[in-house]
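Just so you know, all these numbers are worked out from the coordinates, no wet-lab data involved. Bear in mind that the values here come from a model prediction, so they are computed numbers and not experimental data. Cβ atoms come from the backbone with ideal geometry, glycine included; neighbour counts cover every protein chain shown.
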Amino acid sequence: MMRCRPLAARLATGALSLVLASSLAPGDNLRAREMATGDSPSSSAIKVTAPIAAKTPAANAPIPALLAPLAPRSLILAGTLAGTRLVAVGERGHILLSDDNGHSWRQVPAPANATLTGVRFIDAKQGWAVGHDATILHTTDGGESWTLQNFAPDWEQPLMDVLFDDADHGIAVGAYGLFLETADGGKTWTKRRITDDDLHLNAIFATGGDTRMVVGEAGGVYTSPDKGHTWTKRALPYEGSLFGGLMVDDKTVLVFGLQGHAFRSTDGGQNWQAIDTGTKAGLMGGVATPNRHVVLVGALGTVLNSADGGGSFTLSYRPDRLALADAVRGADGSLVLLGDEGPKLAGALP
């Protein structure tokens with residue numbers, strides 16, 4: 001399989017436009033999203049190699065993020081709900097909080113200025129954020145303050161996403177097959193391999209019970225029935241990059257990515273059906289509501305709405321055509337879109 005040398009797929013130049021490129025280059029001020037396509041590993045059973053001790057933050061000296069008046073209008077790449085508070089992260093280590101369902105935002109200090117690409121909370125107080133330079137941050141006060149758990153710029157492997165099951169066990173995934181796991185709340189992290197190659201791992205999410213799913217480059221879909229202990233590669237009728245995925249209900253899963261490709265499984269990832277999205281724009285993030293309404297967002301201000309659990313979508317574009325990286329639902333049901341020029345309120349979700 002031929003692969004391009006990875007470059008960043010989210011480009012911040014001029015007005016901080018977010019564009020798709022052909023791969024990922026660690027160190028660029030962008031979220032790592034690549035376009036490389038090619039063959040997937042031939043074996044459906046993925047071998048897990050022995051853990052390797054992760055690097056501790058003391059090995060490097062990160063520069064704290066600068067508190068900037070215009071941070072709420074910067075490139076924001078991921079968001080989540082922490083209790084009733086919205087937390088969003090993005091370029092230059094910017095961390096934004098909203099306590100009024102996205103109407104207003106404020107920046108809080110962060111111990112590193114690396115671009116942040118993923119954020120998850122397990123409750124209203126405790127959460128983690130990850131990003132470039134293998135950065136991992138932790139908060140115990142709802143995002144008001146953050147401590148550094150991992151920082152390794154010499155790895156040249158951005159982290160893309162993070163998922164915690166509880167206060168102890170968590171997994172972070174990223175470029176070139178980077179897979180970090182902790183059993184002590186992030187005090188220590190170990191490296192593992194869930195693929196036999198260096199394909200990028202772009203997102204990790206829960207799909208019900210103890211089942212976890214990772215998606216990434218070259219149509220990669222990997223499932224674990226035991227919270228990440230063992231992994232199996234699933235067959236997908238697609239060899240391009242997948243940038244994200246989400247659980248719609250206890251049986252339905254959506255994955256999506258390059259050139260508007262989206263796939264739906266109603267049996268937890270065993271079988272997949274291609275979904276017509278009506279667009280060639282890269283799909284970067286999304287959200288599903290408890291009543292199975294789905295919103296996917298992406299390049300060119302693309303917004304896809306589904307009222308049937310992702311079986312079909314209605315396509316629209318924001319008038320500003322600014323690229324969108326993620327969508328999050330506020331505690332009051334508000335839809336907040338994240339991407340170029342910061343968070344944007346976009347009405348209410350059913």
Likely footprinting exposure, V214, V295, fewest C-beta neighbours within 10 Å first: V295, V214
Projected area, mean over directions - segment 206-254, Cα convex hull, nm²: 3.2
Spatially proximal aspartates and glutamates relative to K280 (Cα-Cα < 16 Å; intrachain offsets below 8 disregarded): E34, E239
Loop trypsin sites (Lys or Arg not before Pro), segment 218-291, which have at most 14 other Cβ atoms in a 10 Å radius of their Cβ (DSSP): K251, K280
Packing rank of 87-96, 152-161, where each peptide gets the mean count of other beta carbons within 10 Å, highest leading: 87-96, 152-161
Rounded to whole Hz, the Karplus (6.51, -1.76, 1.60) HN-Hα couplings of segment 228-242, x for glycine and proline: x, 6, 10, 9, 10, 7, 9, 6, 10, x, 6, 10, x, 7, 9
Contact order normalised by residue count of segment 62-348, Cα under 8 Å, 6+ apart, percent: 13
Quotient of Cα Rg and 2.2 N^0.38 Å for segment 250-300, N being how many residues it contains: 1.13
Total formal charge among the other residues, if their Cβ is under 15 angstrom from that of V328, Lys/Arg +1 and Asp/Glu -1: -1
Debye log10 I(q)/I(0) for segment 62-348, one point scatterer per Cα, at q = 0.11, 0.14, 0.15, 0.17 Å⁻¹: -0.57, -0.96, -1.13, -1.49
